[in-house]
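Undergrad: Dropping the structure in here first, questions after.
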Amino acid sequence: MQENHLFEYAVIRVVPKVEREEFLNVGVVLYCRQQKFLQVLYTVNEERIRTFCSQLDIEELKQYLHAFEQISLGAKDGGPIAKLDLASRFRWLTATRSTVVQTSRVHPGFCADPQKALVRLHEQLVL
């Protein structure tokens, strides 16, 4: 029987007009310390986003989300934040911010396989 591990996740949201606090879920970031796992999974549904906010620059949004992904992976082109340890990168990605791309508060859970948990959460909360 596989052991369950504590994980933390947050939903990645697009907030086109920060002052209105309206958002659309586009992804999930999941961190599991015991499995040394930190990954972002996102979907840019352009039609849905344009319906939500026609003025939003989709290409710029894709760049922001790609940067989130690069930081989570610790990629060399992810900038100085990508060089931090996993926990620090997760805390940076989920920090409160007033920008077009924000995250929900952090939620805990248990899983045997963090990759499967990430896909499941993405399907439930984004798709």
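Nothing in this text is a laboratory measurement; each read-out follows from the coordinates by a stated rule. Everything quoted here is computed from the prediction, not taken from an experiment. Cβ: placed from backbone, ideal geometry, glycine included. Neighbour counts: every protein chain shown.
Undergrad: Label the range 34-127 by shape, choosing from rounded, prolate and oblate, from the square roots a ≥ b ≥ c of the eigenvalues of the Cα gyration tensor; if a/c is under 1.5 it is rounded, and otherwise prolate applies when a/b is larger than b/c, oblate when it is not. Show your work: numbers first, answer last.
TA: Details: a/c = 1.95, a/b = 1.30, b/c = 1.50.
Oblate is the answer for the range 34-127, as a/c is 1.5 or above yet b/c matches or exceeds a/b.
Undergrad: What's the FRET efficiency of E47 with E123 using the Cβ-Cβ distance as r and R₀ = 25 Å, to the nearest 0.05? Working shown, then result.
TA: Details: r = 19 Å, r/R0 = 0.74.
Computed FRET efficiency for E47 and E123: 0.85.
Undergrad: If you don't mind, another one. Taking only Cα atoms, what is the 0 to 90° angle, nearest 10, from helix 114-125's long axis to the longest principal axis of the chain?
TA: Long axis of 114-125 versus the principal axis of the chain: about 30 degrees.
Undergrad: Nearest 10 degrees is fine. How inclined is helix 58-73 to the longest principal axis of the chain, computing both from alpha carbons?
TA: 10 degrees
Undergrad: Excluding residues fewer than 8 places away in the same chain, name every one of the lysines whose C-alpha is closer than 29 Å to that of K83.
TA: Hits, sequence-local ones excluded: K36, K62, K116.
Undergrad: Size of the dipole of the range 5-125 about the Cα centre, Lys and Arg at +1 and Asp and Glu at -1 on the beta carbon, nothing else charged, in debye to 20?
TA: Working: 16 positive and 14 negative charges, 83 e Å.
Value, rounded to 20: 400 debye.
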